1. Taking the range 89-131 on its own, what percent of its Cα-Cα pair distances exceed 17 Å?
2. Apply the Karplus parameterisation 6.51 cos²θ - 1.76 cosθ + 1.60, with θ equal to phi minus 60°, to every residue of the range 248-254 and state each ³J(HN,Hα) to the nearest whole Hz, in sequence, with x for glycine and proline.
3. Label Asp209 and Lys300 with points 7 Å out from Cα along Cα→Cβ: what is the distance between them in nm?
4. Pairs to check: Lys38/Lys181; Lys181/Lys201; Lys244/Lys344. Give those whose C-alpha atoms are more than 19 Å from each other in this structure.
5. For Asn251 and Arg324, what is the calculated FRET efficiency with R₀ set at 41 Å and r taken between the beta-carbons, to the nearest 0.05?
6. Residue separation times 0.36 nm, minus the C-alpha to C-alpha distance between Val396 and Leu345: what's the value?
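Please treat every number below as a calculation from the coordinates, not as lab data. This structure is a prediction, so every number in the text was calculated from the model and none was measured. As a convention, Cβ positions derive from the backbone with ideal geometry for all residues, glycine included, and neighbour counts pool all protein chains shown.
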Amino acid sequence: MEEILVDILSRLPVKSVVRFNCVSKFWNVLISQSYFTKKHFNHAKNQASSQKLLSLHCHPKDADDNRLYFYSSSLSLVQLVKDYRIVDCPPNSNPSYGALIYCSCDGLFLIGIWNKRYVEQPKVLLIWNPSTRDQSTLLPHSRYYYSSDSSSSSSDYEDGDDNDLRSTYGLAYDSISDDYKVFRLVLSFDGQNENEIFGLKEGSWRIIDETSSSGMTDCSMYSGGEFLPFVDGSFHWLGVSSKKLYVVSFNISSEVYGEISLPDFVCSLAISRWSKHKIEVDVGVSVLGGRLSFYYKDDKFFNLWMMKDGPGAWMKLFTIPSSRIYRVIPTYMFSDNQVLLCFKLDWKIMSRFVYRLISFGLFGLTNQIWPLDCDDIDIDAITIDKDIGIVYNGIVYTESLIYPGLGLGV
């Protein structure tokens, strides 16, 4: 009987399952079990209705408002379902000074929140499940956190050339150890290795033994500015070594670094513009349809490749004009090979974002504004209402009931 009940409940949307928490103590215990949340998530991954796009609003205008506001929308091409999600921030943070979504994994989001301006590291790191709304866990900082938390002038911060240590974070599930892990990638130009990993079961940070050289990397080359794409058990980012651009990987189970070559044409174009640890053209990596993808944008065109049969085997998907666009971020691939691209329209931090669907196949390329079919890319209201203000580029996630306990196992 219990097995039948589990099978029925695992097919329901998260919102419906959460309501059963109040039915009885037995149902509450059943729904919170790890085997049930994983079974429910595995079913939700194949349901289009469970795929959502989460965006962070602009920071609160009221300095006393210690909350973060998110905007969740359906990925349905037929009907756009909109919803608001709110996170109460810890007392030692101030979202008006800055907040950032680093990544999403299994419906969980890793969020950084600052408490002062012009510092590289957020004061608070927390894991939050927007589907269950009230669940969030505060993560401890590593002992290296304070070495990168020094204040600097605003000009130094914005230019970035004087910062000798920067970092970003990724969250992923390690199937070998059955644990969720946070990876901290430190970009130290003095060559010192301070990359760290945090296992939620252990509840502590540790330095990763450097088993192979990952070369010089630069924060400006990350996909989406800050994201570390995770696919096939590894995080990925772009690096440069011996004047060659390539993809660096880090496997969270074996803790081994690797290298993946890029198309020769892209490497030669990017390196020809190499200057002061920066690559002036827009390049990055992301995950589309469960595969690693690579994009390259110059003043005229945006090009997108996808990994085909193995490391280094790239298949070009399409090329589209990009002359009036500041940046293009690959966001999601639908089952019918439609790709959702996020267009940043200008260089400003508080910029507008437009989502456009690109379809490719035997009949060439077609594109349309998503979710509205409109030819004018400069229109204001695409995925948001005008009265809610600026919204940052979104991250696609699958609604889930998963929530790992800190130091208590999954």
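1. 29
2. Calculated HN-Hα couplings, in order: 9, 10, 9, 7, 6, 8, 7 Hz.
3. The answer from the label model is 5.1 nm.
4. Lys244/Lys344
5. 0.55
6. Between Val396 and Leu345, full extension yields an extra 16.3 nm.
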